[in-house]
Amino acid sequence: MVVAYQAPKEQHKIENPYQVALAQYDRAARHLNFEDSIKEYLKYPQREFTVNFPVRRDNGQVEMFTGYRVHHSTVLGPSKGGLRYSLAVDLDEVRALAMWMTWKCALVGLPYGGAKGGVVVDPKTLTTAELERLTRRYASELIPLISPHSDIPAPDMGTTPQVMAWIMDTYSMTVGYSVPAVVTGKPLNIGGSQGRNEATGRGVIIIMEEALQQLNMYPANTIRVAVQGFGNVGSAAALHAHSLGYPIVAISDVTGGVYNAKGLDVERLYAYAQETGGVRGFPDGDYITNEELITCDCDVLIPAAMEGQLNERNAAHIRAKLIVEGANGPTTPDADDILNDRGIHLVPDILANAGGVVVSYFEWVQDLQSFFWDVDEVYRQLERIMRKSYYATEGTAEKHNVDLRTAAQLTAIQRVADAVKTRGFYP
Ligand code: NAD
């Protein structure tokens with residue numbers, strides 16, 4: 001018997017990312033013809049893990065923190081997905097991100113299921129020693145779940161290669177030998193991969209160029225790009241696009257944004273943001289808010305910060321002709337409808353930002369084989385997978401006469417559903 005799905009009770013805020021993920025799922029699954037039991041099964045996270053744990057601050061006081069790890073699916077392989085350190089982390093956000101990881105890995109053909117984790121913390125409020133203690137304690141709470149063959153974390157918002165190094169070390173100390181393949185996104189000197197840091201942003205730009213070609217938008221020096229978010233994804237995307245000759249007219253982060261119609265000097269802005277903690281106050285441009293960045297005068301918009309940024313309040317005012325989603329879940333379903341009606345070409349997150357997990361997969365393969373590739377090989381294989389996935393998704397969109405998000409999701413859902421059917425329901 002199939003039991004009807006009930007929305008989770010934890011919270012009901014508008015644009016709850018999990019409700020967004022479920023709405024997208026329903027939209028895509030409608031086009032697929034597979035058993036209701038499988039359709040229902042794939043809506044649920046397979047496992048949800050909540051941990052409450054103490055961390056000693058440098059002043060000797062002990063504070064409690066809450067963390068999560070959700071495995072949405074392990075049908076196609078071990079679960080894979082990032083860890084987020086942010087005050088906005090909650091169970092529904094982690095559920096949504098885990099589900100999107102399942103579709104992302106399936107879409108680009110990786111032998112992984114989907115997971116995500118996070119700790120409710122603003123890492124900027126911790127000293128390095130406190131961050132290390134928090135990470136090691138959270139990692140030790142995750143030991144029953146993670147391993148190279150069951151669940152492999154990676155960086156996401158608020159976490160870094162150093163955080164991955166502490167997790168790898170904590171796991172290795174527990175089992176008694178070094179296990180680099182338990183996390184990806186590690187520093188190079190302990191088994192990281194060449195090109196992993198830049199992989200997500202680089203992948204975003206590979207996809208942007210494919211879409212521009214399809215839309216007959218060229219040459220590069222006439223295509224004005226705006227990027228929201230200047231962290232791992234946003235900065236790598238902006239720096240790479242800048243190096244290819246695209247004028248980057250606007251960039252923002254949590255401190256605000258900066259606009260220059262002639263194009264920003266992205267390398268200088270990057271150095272400035274590293275030094276001052278944000279892009280705000282950069283002298284060679286005008287200050288804009290994050291909301292103004294979304295609707296600024298540009299040709300390509302790359303949201304690369306967080307969920308829900310393109311919504312029913314601003315979608316009608318977006319001026320870009322192409323949107324490439326660097327962030328996960330930056331567009332709400334209402335905004336999707338408005339953008340589709342307006343004929344704006346949108347490349348969805350699970351395709352556009354898959355470069356990160358693709359190179360994470362390369363890192364895992366290299367760690368398991370103890371055989372490391374040079375950066376040219378990493379980039380060559382990354383490009384191959386990203387371009388192939390873009391054209392497969394375009395083909396599906398044409399075949400089903402749907403937008404790219406629905407096409408990407410239905411391609412992925414079909415692959416996971418086929419695997420469920422072949423494996424059967426246990427027992
Ligand atoms: P990050 O922590 O390195 O950077 C986040 C950026 O967003 C920072 O510049 C921060 O200032 C900015 N930001 C935070 N809150 C903001 C707000 N309210 N308004 C505007 N800007 C804000 O994180 P990241 O790894 O670059 O991740 C960004 C997005 O990309 C997330 O949605 C993440 O899930 C997604 N993503 C990351 C990877 C990866 O490999 N790191 C891979 C795929 C997708």
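Values quoted throughout were computed directly from the atomic coordinates according to the rules given, and no laboratory measurement underlies them. Nothing here was measured: the structure is a model prediction, and the numbers come from that model. Cβ placement follows ideal geometry from the backbone for every residue including glycine, while neighbour counts extend to all protein chains displayed.
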Once you order the gyration tensor axes a ≥ b ≥ c over the Cα atoms, which shape class does the chain get: rounded for a/c under 1.5, otherwise prolate or oblate by comparing a/b with b/c? rounded
Sequence of THR276, THR295, THR125 once ranked by neighbouring C-beta atoms within 10 Å, starting from the fewest: THR125, THR276, THR295
Magnitude of the Cβ-charge dipole (Lys and Arg +1, Asp and Glu -1) of segment 45-190 about the Cα centre, nearest 20 debye, reported as 220
Total charge dipole magnitude, the chain, about the Cα centre, Cβ charges on Lys, Arg, Asp, Glu only, Debye to nearest 20: 820
For LYS80, the residues 5 or more places away or on another chain with a placed amide H closer than 5 Å to its own amide H are GLY113, GLY114, ALA115, ILE152
To make sure I understand the rule: partners must be aspartates and glutamates, Cα under 12 Å from the Cα of LYS262, and not fewer than 8 residues away in the same chain. Which ones qualify? ASP284, ASP286, ASP297
Set Lys and Arg Cβ to +1 and Asp and Glu Cβ to -1, take the dipole of segment 199-352 about its Cα centre, and tell me which of GLY343, TYR272, LEU310 lies farthest positive. TYR272
Lys and Arg at +1, Asp and Glu at -1: neighbours of PRO330 with Cβ under 12 Å from its Cβ sum to -4
Can you return the aspartates and glutamates within cross-link range of LYS39? Criterion is Cα-Cα under 19 Å, with same-chain partners fewer than 8 residues away left out. ASP26, ASP418
Give me the net charge of MET157's neighbourhood, meaning all other residues with Cβ under 13 Å from the Cβ of MET157; Lys, Arg count +1, Asp, Glu -1. -2
Which whole-number percent gives the relative contact order of the chain, counting Cα pairs below 8 Å spaced six or more residues apart? 16
If packing is taken as the average count of other Cβ atoms within 10 Å, what order do 266-273, 117-124 fall into, highest mean first? 117-124, 266-273
Where does each of 357-364, 395-402 land if you order them by average Cβ count within 10 Å, highest first? 357-364, 395-402
With the cut-off at 1.5 for a/c, could you classify segment 269-317 from its C-alpha gyration tensor as rounded, prolate or oblate? prolate
About the Cα centre, charge dipole magnitude for segment 199-352 (Lys/Arg +1, Asp/Glu -1 at Cβ), debye: 340
Once normalised by the length of segment 45-190, the mean sequence separation of its alpha carbon contacts under 8 Å that are 6 or more apart gives a contact order in percent of 24
